[in-house]
1. Work through the residues other than residue A:106 whose Cβ is under 11 Å from its Cβ and net out their charges, Lys, Arg +1 and Asp, Glu -1.
2. Tell me the Rg and the Dmax, in Å, that the Cα atoms of chain C produce.
3. Averaged across orientations, what area in nm² does the convex hull of the alpha carbons in region A:118-268 project?
4. Can you pull the mean other chain C-beta count within 10 Å for peptide A:129-138?
5. Using a/c under 1.5 as the rounded threshold, could you call region A:179-268 rounded, prolate or oblate? The axes a ≥ b ≥ c are square roots of the C-alpha gyration tensor eigenvalues, and prolate needs a/b larger than b/c, oblate otherwise.
6. Please compute the volume of the convex hull spanned by the alpha-carbon atoms of the protein assembly as shown and report it per residue in Å³.
7. Can you tally the net charge around residue B:274? Count Lys and Arg as +1, Asp and Glu as -1, for every other residue whose Cβ sits under 13 Å from the Cβ of residue B:274.
8. Counting Lys and Arg as +1 and Asp and Glu as -1, each charge on the Cβ, what is the dipole of region B:148-234 about the Cα centre in debye, to the nearest 20?
Amino acid sequence: MKSDSTAGPNRESPATREAVDRRDFLWEALKASLGVPIALCIVRVPELHGMQEEGDADVERIYGMGIDIRKCIGCGRCAQACKSENDVPDEPYFFNTWVERYVIRTDGEILVDSPNGGIDGFPPIEEEGSTLRTFFVPKLCNHCEEAPCVQVCPVGATFTTDDGAVLVDEEYCIGCGYCVQACPYGARWFDPVKHVARKCTFCYHRLARGKVPACVEVCPTSARLFGEVGHRANPLARFLRFNEIQVLKPHLNTKPKVFYANLDGEVR
Amino acid sequence: MQGYIYPNEFELRWGLLIVLYPYLTGLVAGAFILASLARVFNVKEVEPTYRLALLTALAFLIVAPLPLVAHLGHPERSYEIFLTPNRKSAMAMFGFVYAWYLMVVLLLEIWFDYRRDLVLTAREATGPRKWFYYTLTLGATDLSDRALQFDDRVGRWITIIGIPSAFLLHGYVGFIFGSVKANPWWSSVLMPVVFLFSAIVSGIALVMIIYLVATLFRSKKVDMGCADKLASFLFYAIVVDFSLEMLDFIHRLYEAEESIEILSQLIEGRLFVSLIVLQIVLGTLVPLISLGVVSPALSKRSIARIPAEVRRLIYLGCAILVQIGIFSIRWNVVIGGQLFSKSLRGLTAYKAELLGLEGLLVAGVLLVLPFLVLGVLVKILPPWPDTELPASPEA
Amino acid sequence: MPQQVTRLGIAFAVLAIVFVAVRQTLVPDTFGDAGHYRAAAVDSIEAQPLKYAGHEACTMCHRPIADKRSASNHSGVSCEVCHGPAAEHVAAPGNVRPRAPRERGFCPLCHGYNASRPSGFPQIDPVAHNPTVPCMTCHDPHAPEPPVIPGECRACHGQIASTKAVSHHAVLPCLTCHDAPEEHKATPRAVRPGKPSSRDFCGGCHAEGADSPPHIPGVDMATHGEDYLCWQCHYPHHPEAE
């Protein structure tokens, strides 16, 4: 996956490019007028230029994941595999990925649970008769294009790679926990042993070896699939073409790269 | 735990230490703004508290970053915030705002204000003490009229720069919370403003407490003109602060966005004591009414005529209640913002422990520490005017 | 220039120089190479060891069994779903053997009945379905076509069956309304069962004046929701009408 180095087609449409430009312009105007500069003089200047070029560089690929809610059987193998693959402690109960069960009652009540992230299965629903609809929702880091966690990290210990994965530099993280607060999806957690913030990496070490993330590898019903956002032929591109797609909490404008098909409106 | 929370939310990442941080910085900003009243706006009555307020601000500013650093997972890496600050992070600028305020505003203002005293002390003293004070003067020992006038003029200008800086310091702390869009309890454009005015409230109340208590211990006469003026300012500040808080509250209720249900549950349950009882009733309404009736804030001779000794006690009581109220505000923001799930479907729980880094004991130490620092500062740089008020009956 | 200014100037200049010097030495080498982060961090994250080898690795040695699985209903189920993370086994096949779960608790992780699972996904009730016998006695996990064609619809359609079981239609067998060709049981997605295509079908019991017991509700078929098939409004597996 990593070995093919042909430059991919630029995935940004002219419209989004324009929007980005406008936002950058506003930032620049704000900076100039406030004179934030006292701090900026101290910050190395070349870095600033480097950052503005972001997104314009030759982007080869942008990773993303697709999840089909109608295929998920709630077996929790993804959560289990993730824990093994990424040395996530079994206890306390932190998860890079977990499965939620939604039960929507006929009276409008909505019950959600995720016992041990779904790894040990789900107990039977009480009073099954009063259930209007029920389904499973796998959750994980959305690797947002506009990631709030990256925005708030004070030292640059969490960052977005060229290929769109949001990662944590465990040797540089100061452990302030601001990213944990800023993530709208509860995807970040604080490692009680390493004392740094941790999260799903899209199994970046597996991608580097041409393999898919562990949760995708073990999903028995192909409810999860992995690929690239963009025009090149790949499983995710097809998934995005043939499904009505929803992302989580779109009103926050984080632009997630985990795409859901057949997602219920009650899911938050 | 109640309802559904995301699995990773069972641990509250920001505990008691982070409650202390905005509380302490708020006191800094508030005390400084009080000091600036005397200097820039020529409020003669509060003159006796000018230097005291400055030293109070400095003492609390020195302690303010300690809880922050202590709560980090890797405190030894905290210097990175100066090395590679992320311009887009609200928190990254903390180091710079703090440094600006400490070096450029507070230390400079204190230095210019005290330079004459420092030079005189250095001349009189002997041995290491002489060298200590000489070092503090940085070798600028010119006491000519022109030099002293220059001190005064620059000090005034620094205060003028200092006011927006104090606003920045604490408004910015509010922004750290107010800009978190993931959290509907925090995310509010009013947050920095509310933080700012609650800071002013807490700063005035703190200086009032320190002034009243210190005067008592030094067996001096309280300048009631000063105390009355402080009380009036405290009253006005509470009015503005409370109005802003209510505006925020009503705005949320009226808009009733998707988070309203869980936030209502939060206020009616987990936050009832700290928000309704401590923050609003005891910390705001009781002082507001007492000060309104007792102090000369609403009518020149105050609504109820009360002897000075009792008035003083009421002021002290109000100031202490206000401190409890403001501490509750910080608690309700920091802890309250983590007591509900971002899934908006459940409530988490926070249990303060006694021992341990995030425990009550450490928090207690960090609350006492600024007063010890202040004690040392007062020893080094006596804030009391040369001519104390004679023990004459007050006007 | 006043003495104060020069002295302060010196003090601030010293501080500034110290700050810049310290900063130059302490900022990590690769910081800022690719963005506002330590570029070397990406390398150390990429170096993290694998635990799951991926099904391609298994296929290289276990070709026949992989082919068998690929032709079965488990074609989408990767080897390590059941056998566990096998990267160590791939590195040292003789020393480390992957697990092969044989206990009855394992298969129901996917195939135990759970109302939230999509209908049509094969599910059994582990308590009632041949208790005490390991699943592998009858089902080959590498080719899990049922040895006996399911006699009951509920083997796959558990959610519907249990909903219907507590409804007014509990006594009606599925085949009363659905025609299910035999082929549907073996190739469920290729041959689909049918459902009633006319209003008269339901009217057989529910039309006013139909020859049915008095406790069965009846409607005037001429005026009651004439443009719709009955099941477009009612859910026959759990009819709402009391």
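1. Charge balance in the 11 Å sphere: -2.
2. Spelled out, the Cα radius of gyration and Dmax of chain C are 33.5, 114 Å.
3. If I average the Cα hull's projected area over directions, I get 11.3 nm².
4. If you average over the peptide's residues, the count of other-chain Cβ atoms is 3.
5. oblate
6. 227
7. +1
8. 80
The numbers here are math on the coordinates, done by the rules we state, and not lab data. Since the model is a prediction, treat every value here as computed from it, not as a measurement. Positions of Cβ are generated from backbone atoms using ideal geometry, with glycine treated the same way; all protein chains shown enter the neighbour counts.
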